[in-house]
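What follows is one structure encoded as structure tokens, with my remarks underneath.
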Amino acid sequence: PVMTAYRQAALDIAAALRDGPGRTRDLSRSVPDAPRILLRNVYGWFERVGRGTYRLTPLGERAVAALG
């Protein structure tokens, strides 16, 4: 299967959130589209826990675990 740039960016964000909630401001340093990706949440991997702060959902945790 082909990995789209969007999915790769979402996986990068998910990996960054593996250890706990993160702020969009911090995440956008490594993934410039992080705020938009987190807001759209196409894959259901992210959950908003406060203004500009997100954590992984169980689905997101499984996606990161599948990376190895």
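The values are calculated or read from the model by the stated rules, or taken from the named source; none is laboratory data. Remember, predicted model here, so these are calculated numbers, not experimental data. Glycine gets a Cβ as well: all are built from the backbone with ideal geometry, and neighbour counts include every protein chain shown. Just so you know, the surface numbers come from the protein's heavy atoms only, side chains and all, with ligands and any DNA or RNA stripped out. Shrake-Rupley method; radii C 1.70, N 1.55, O 1.52, S 1.80 Å.
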Residues of the chain: accessible area per residue with a 1.4 Å probe, Å²: 66 Å²
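How large is the charge dipole for the chain, taken about the Cα centre, if only the Cβ atoms of Lys, Arg (+1) and Asp, Glu (-1) carry charge, to the nearest 20 debye?
Details: 11 positive and 6 negative charges, 44 e Å.
The calculation lands at about 220 debye.
What FRET efficiency comes out for the pair Arg62/Asn41, r = Cβ-Cβ distance, R0 = 22 Å, nearest 0.05? Please list the in-between numbers first.
Details: r = 15 Å, r/R0 = 0.69.
According to the calculation, E is roughly 0.90.
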Heavy-atom accessible surface of the chain: percent carbon and sulfur, 1.4 Å: 52 percent
Which of Gly52, Ile37, Leu27, positive extreme of dipole for the chain (C-beta unit charges): Gly52
